[in-house]
1. What percent does the relative contact order of the stretch 378-478 come to when contacts are Cα pairs within less than 8 Å and at least six residues apart?
2. Name the shape class, rounded, prolate or oblate, that the alpha-carbon gyration tensor gives for the chain, where a ≥ b ≥ c are the square roots of its eigenvalues, rounded holds for a/c under 1.5, and otherwise prolate holds if a/b is larger than b/c and oblate otherwise.
3. Let's test the formula: R0 of 22 Å, r as the Cβ-Cβ distance of residue 515 and residue 324. What FRET efficiency results, to the nearest 0.05?
4. Over the chain, give the accessible area per residue in Å² for a 1.4 Å probe, as an integer.
5. Roughly how many nanometres apart are two label points built 7 Å out from the Cα toward the Cβ at residue 377 and residue 311?
6. Give the shape of the stretch 264-403 as rounded, prolate or oblate, defined through the alpha-carbon gyration tensor: a ≥ b ≥ c are the square roots of its eigenvalues, a/c under 1.5 means rounded, and otherwise the shape is prolate if a/b is larger than b/c and oblate if not.
7. Given only helices, namely DSSP H runs of n ≥ 4 each adding -39500 (n - 2.57), what is the per-residue ellipticity at 222 nm of the chain, to the nearest 500 deg cm²/dmol?
8. Explain nothing, just the number: dipole magnitude of the chain about its Cα centre with +1 on each Lys and Arg Cβ and -1 on each Asp and Glu Cβ, in debye rounded to the nearest 20.
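The values are calculated or read from the model by the stated rules, or taken from the named source; none is laboratory data. This one's a predicted model, so the numbers in the text were calculated from it and none came from an experiment. Backbone-built Cβ (ideal geometry, glycine too); neighbour counts: all protein chains shown. Just so you know, the surface numbers come from the protein's heavy atoms only, side chains and all, with ligands and any DNA or RNA stripped out. Shrake-Rupley method; radii C 1.70, N 1.55, O 1.52, S 1.80 Å.
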Amino acid sequence: MKIRRMRRSALTAGLAVLTLVLPAMGLQQTRAVAQPAVQRLPLGDANLPETRTATQVAPGVTWTRIKRGRPDARDHWTVEVALLKDESAARSLADRLDDAGFEPVVGRVDERPQDLPSKQPWGWRVRVGELADKAAADQLVKDLRVAGFRPTHTYFTGEDGTGRTGPWVVDVLKVSAAQRQRVQVRQSLDRVPGGETLADMVKHMGGIAGINGSYGSDEEDGTFGDVAGLSVVGGKLVSEAVQGTSALVLPSERRARPSVQRLSTNLRLRSADGAQRELDGLNRSPGKIRNCGGTGGDVPTERPRHDALCTDDSEVIQYTDFFHGPVHAGDGAAVVLDKNGRVLETRDRRGGTFPSGTTLLAGTGDGADWLRAHARKGQVVTVTAMVVDRDGRPLTATAGRGMDVASGGPQLLKDGRIDIPAEAEGFNYPDDPGFFDYFGTHRHPRSLAGVTADGSLLFVAVDGRRPGYSSGLSFRESAAVMRSLGAVDALNLDGGGSTTMVVGGRLVNRPSDSTGPRLMANALIIH
């Protein structure tokens, strides 16, 4: 789809120029549309230049490109050697760096997870170097390692979260409340495992636009293309929740409003002989829980822990009709159930395929023992799978049985307030203050979703890791941007190299990976 766009300065209030695109007829029509004054993005200095280009993609669907700010000649590349909780440890590290011929700088870090308040500093940062480009920073990393140090990151200082000029490039898809049922959560290739680029997903699913969705797993986690968190497609549960983390809910009931909620899954097995146990997950490798937040003795924690892999040697996993191909092979036991839960087949090991119209339960450790004892051929095993809100109420009661749900995290806005429970949602490692600092305080490419007061949907892609073009956003900046765009509830989706937006059949942002757009597990597709 060829789209012609016209710009206006955000300093000009009251009139926006939109390009109306009529894809069914292949026509374009430009018209002036009265608009209220636009709130400038709350990024950097107040007087930064800002321009906006608005394009009507379909009735009720608008894409806006916002450019704000300018490069700052004072920004440079540097190497972070460590972020330590204790100031004396940071000073000691700086002394050793100085003795080795480097020139360290120690700085206090105050920003911490909003739900972990304290008057104490979050930590003390030790950095080395003021360098002109990334190649020089990479060489400094090598020199530090030769000298016996273990640097953690190279940084462009414009991405610190403190730079005042940017620049920023922000792409916004807005879907009006009247058209919000155009939006669906879709699984890549309509199955697990697997992955597609967003452009391929939009094309083969007949969409007009889309944005990447949830955090995903990879082959190291056991199941490439599995969502690392909650995923519901057309009322069918595809992946269990990272318990208590945020998700975007798209109701099937027309009168229900989209929402951002912190959700969990309640998964149970009950045999006809009365025995019960938990069902640990769906459509993934037993024992490997990406982003943690599971139940039943997961190690090292049952709490959410982002970008971590927890393990459990005693699980039962259900493979549903979303799973394609052979299931994960290995020791344990497996049973095949018909649509009524009757055991059609038992297996002494995990692996193999299962017929269409059936599901497969695979167990390891105590889970395998439970299947052998209580899921014999001919017995009925009832599987109960519910998505529940923070009060334990089934989500279907408010969102309908055909709902779609895409997980993310952390939450950014709640009822119009900046509310970022990064600690509760696993974006802080208790033993490593550098994780939250890097993931939440520093600027990165971000994909964001939000709901306005009237029930319209906002999908936002912010480019980052591209010095001189776009700096990305921190968690707090993401929340402020979403609020300025009209969201009252919002959350962070998968970001970094996954941040991707497609409009009219083409990629409109600049993904940060040098290899190009990533393959993803799911996406939010606008039809």
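1. 18
2. Values: a/c = 2.06, a/b = 1.23, b/c = 1.67.
Since a/c reaches 1.5 but b/c is at least a/b, the shape of the chain is classed as oblate.
3. Using R0 = 22 Å, I get an efficiency of 0.30.
4. Using a 1.4 Å probe on heavy atoms only, each residue of the chain averages 42 Å².
5. 3.5
6. oblate
7. -3000 deg cm²/dmol
8. 2500
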